[in-house]
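Please treat every number below as a calculation from the coordinates, not as lab data. Because the structure is a prediction, the values reported are computed rather than measured. Note that each Cβ is placed from the backbone with ideal geometry, even for glycine, and that neighbours are counted across all protein chains shown.
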Amino acid sequence: MAGEKKTFPPLRLAFVVQRYGEEVNGGAEYHCRLVAEHLAKHHRVEVLTSCAKDYITWHNELPADLSVVNGIPVRRFRVKRPRDTERFGRISQEVFRAPHREQDELRWLEEQGPYSPRLVRYLRKNRDRYDYFIFFSYRYYHSYHGVGALADRALLVPTAEKDEVVHLKIFKPFFLLPRAIVFNSIEERQMIWSVAESQELKGEVVGVGAEVPSRPSPEVFLRRHAIQDRYAIFIGRVDENKGCRQLFHFFRRYKEETGSALRLVLVGGKTMEILDHPAIYYAGFLSEEEKWSALAGAEFLIMPSELESLSMVTLEAWSLAKPVLANGLCDVLRGQCRRSNAGLYYTSYYEFREAVALLEEDRSLCEGLGRNGQRFYHDHYRWEVIEEKYNRLLEMLMNEDRAASAVRAPAPPGFFDRWRQRTS
Amino acid sequence: MSTFSIKGSDIDVEAVMATIRARIEEKRKGLYTEEEVREIAEMKLDSVLDASQFNSDFVAAFRARNEQWNFTFGPETIYQSSRGFAGRLIRLARRLLNPVLKLFFNPGPIGGALERQADLNRYYVSLLHNMAVELTKMNLELTNLKARLRATGAKVEFQTSREKVLEDLTVSRDEATSGPEASVRRRARSGRRPWRRRRGGRENDEKRQAERKPNGGNSGGEKSG
């Protein structure tokens, strides 16, 4: 499968995403950047995005022009108005907690931001400049209206989580629109099938690869941060929505009950207070290289988030043969752990305690899980595999388009043709 | 599309998870700590509070008719009027006069509080409904347990009386076997058992009697002759 080569000419692809850039660290945005950079090897890729950097305010922080990021042309469009948090909160209450109309949901979409009608206008006007448009994140204004305007050329990477947004009425017909959907996981596909009430949606479970360094050295990280004990690691935004509060309490209780010497290292930005405990160490936001070093030195990765469409950091851990302890309430993570046989999961403190103890004590289990993870990553998430899946999907759409244009009836004769026919 | 399943080496995550659950169960067989009891109680309460678990049409219907029993209060409510076109003018006038109103008092917090109260009402309805559902389930379980208890009681009663009868029987048999005429009675009883007639009934008995007699046993002939 991965060995198959692309046999069709390069296409003009537009990636449409809410934010873009090396400094933007959101999951879907990073996912988009990686896919765009890898598909640029095969196609002519351009990115269409907003001028925003902050996903809460959507303030215009970057210039609205054409720039280049890692060799990819990026066209930015201004956000018409930043998010009014009070108004957004009010309409969210209305939409999620009270009877409402579809109009309210569309208003919610606008209020959520990034509200950039210019971007959508550009898409409408320049539809012929690109062969296909790949939209990232179903839940934003640009995707909803962009896919609506360019349904026959749109691919959607929904990055959908199991939250209440996906159940809004406007999204049921929306998921039927794009030519193909690039799912992140089997669970995500199942959820979207059930929302759209259709299993006929074209698409494939693809996901995303990781930029695995050839030799990450944990020593650098351990020396710099003066860590001597064995540690479990959490990588990502330290945020309540990521399940960090529960993780802190579980970990503290585990330490109190078992007297274990295990430490918890946190890597990433933070939006909440971190529990003050000698065994919990916050390393902060690290460079890619240092992040990989930290991961390489860990015993296992903890993924406490309940809402994930595909945890990239989980795949990164598996790529380094590190086992994962995931929140079992997240269908995607639980499914990935089961399919790969490379991670344990918990749904209560007791399961957390037993699983951590097992991973801490049983080295052969840890190594076996890690090996399985590495194999799973190699089979399904290597970049060659991901690129091949995207190319196969694009080729399928291209073949369909060609077949449709061949079948299409020739244009009826114009006035002069008819006049010529009559006179002859 | 490739299916994502690897049965890697000899590790099966499901089996490991089953072991973990078994270990938890094993530990829970002992006494619970105060904290564990509290946590279990909380877990129970959580499940009661989670309306989605009951999948009840009642809640959905009740929520759908929210406006019939609950009041809706938004930032525009205080300006609204239900008098059609005139109402629109009134609303406009009220909005225009809002700054004047604000000179006397700030209606903002009142609106916020009422909005919150409407949310709370909705929440309490769900909560009460879920508690009612839980109570009903408990009642059903109680009724079921009562019925089972009654049946078990009847069985125990029957077994007790049977036991008593068997005890009496054993005592009487012991008395019978220990007496002086015991062997005579035993021999007499060995011919046939009084509580069970064999197939063939009286005819068989007569035949057996005849066999015991040395002359071939035509007792009837003797009697008649």
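What the table shows:
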quantity: Where the Cα pairs of chain A fall when distances are cut into 10 Å bins, in %; calculated: 4, 20, 29, 24, 15, 5, 2, 1, 1, 0, 0
quantity: Loop-resident sites, segment A:205-299, for GluC sites (Glu not before Pro), counting at most 14 other Cβ within 10 Å (DSSP); calculated: A:Glu211, A:Glu273
quantity: Where labels lie 7 Å past Cα in the beta-carbon direction, separation of A:Glu289 and A:Glu61 in nm; calculated: 2.5 nm
quantity: Distribution of pairwise C-alpha distances over segment A:1-127, 10 Å bins, in %; calculated: 12, 35, 30, 16, 6, 0
quantity: Highest-first arrangement of A:388-394, B:101-107, where packing means the average Cβ count within 10 Å; calculated: A:388-394, B:101-107
quantity: Contact order normalised by residue count of chain A, Cα under 8 Å, 6+ apart, percent; calculated: 12 percent
quantity: Shielding by partners - mean other protein chain Cβ count within 10 Å, residues of A:93-104; calculated: 2
quantity: Hz values of 3J(HN,Hα) by residue in segment A:412-421 - Karplus curve (6.51, -1.76, 1.60), Gly and Pro given as x; calculated: x, x, x, 4, 5, 4, 5, 5, 4, 4
quantity: Coil-residue GluC sites (Glu not before Pro) of segment A:23-100, DSSP, other Cβ within 10 Å capped at 11; calculated: A:Glu23
quantity: Rg(Cα)/(2.2 N^0.38 Å) for segment A:218-380, N = residue count; calculated: 0.94
quantity: Restraint check, A:Lys162/A:Lys255; A:Lys169/A:Lys242; A:Lys162/A:Lys322; A:Lys242/A:Lys322; A:Lys202/A:Lys242; A:Lys255/A:Lys291, Cα-Cα greater than 28 Å; calculated: A:Lys162/A:Lys255; A:Lys202/A:Lys242
quantity: Cα-based convex hull volume of segment A:73-140 per residue, rounded to whole Å³; calculated: 108 Å³
quantity: For residues of B:14-23, the mean tally of beta carbons on other chains within 10 Å; calculated: 5
quantity: Whole-number D in µm²/s for segment A:175-245 (Stokes-Einstein; Kirkwood sum over Cα pairs; 4 °C, 1.567 mPa s); calculated: 79 µm²/s
quantity: Cβ-based exposure ranking for B:Met138, A:Met272, A:Met191, in which fewest neighbours within 10 Å come first; calculated: B:Met138, A:Met272, A:Met191
quantity: Chain A - mean residue ellipticity at 222 nm from DSSP helices (-39,500 (n - 2.57) per run, n ≥ 4, rounded to 500); calculated: -13500 deg cm²/dmol
quantity: Average beta carbon contacts from partner chains per residue of A:199-206, 10 Å cutoff; calculated: 1
quantity: Distant-in-sequence amide H partners of A:Val74 (H built 1.01 Å from N, under 5 Å); calculated: A:Val47, A:Ser67, A:Val68, A:Val69
quantity: Virtual spin-label span in nm between B:Ala151 and A:Asp417, 7 Å along Cα→Cβ; calculated: 8.4 nm
quantity: Spin-label pair B:Leu101/A:Arg121, simplified geometry with 7 Å Cα→Cβ offset, distance in nm; calculated: 3.7 nm
quantity: For A:Thr49, B:Thr152, order by how many other beta-carbon atoms lie within 10 Å, fewest first; calculated: B:Thr152, A:Thr49
quantity: Which of A:Asp131, A:Asp276, A:Asp239 has the fewest Cβ neighbours within 10 Å, and the rest in rising order; calculated: A:Asp276, A:Asp239, A:Asp131
quantity: Segment A:159-196: GluC sites (Glu not before Pro) in DSSP loop, at most 13 other beta carbons within 10 Å; calculated: A:Glu164
quantity: Whole-Hz ³J(HN,Hα) from phi, Karplus 6.51 cos²θ - 1.76 cosθ + 1.60, for segment A:388-400, glycine and proline x; calculated: 4, 5, 4, 5, 5, 5, 5, 5, 4, 5, 5, 5, 4
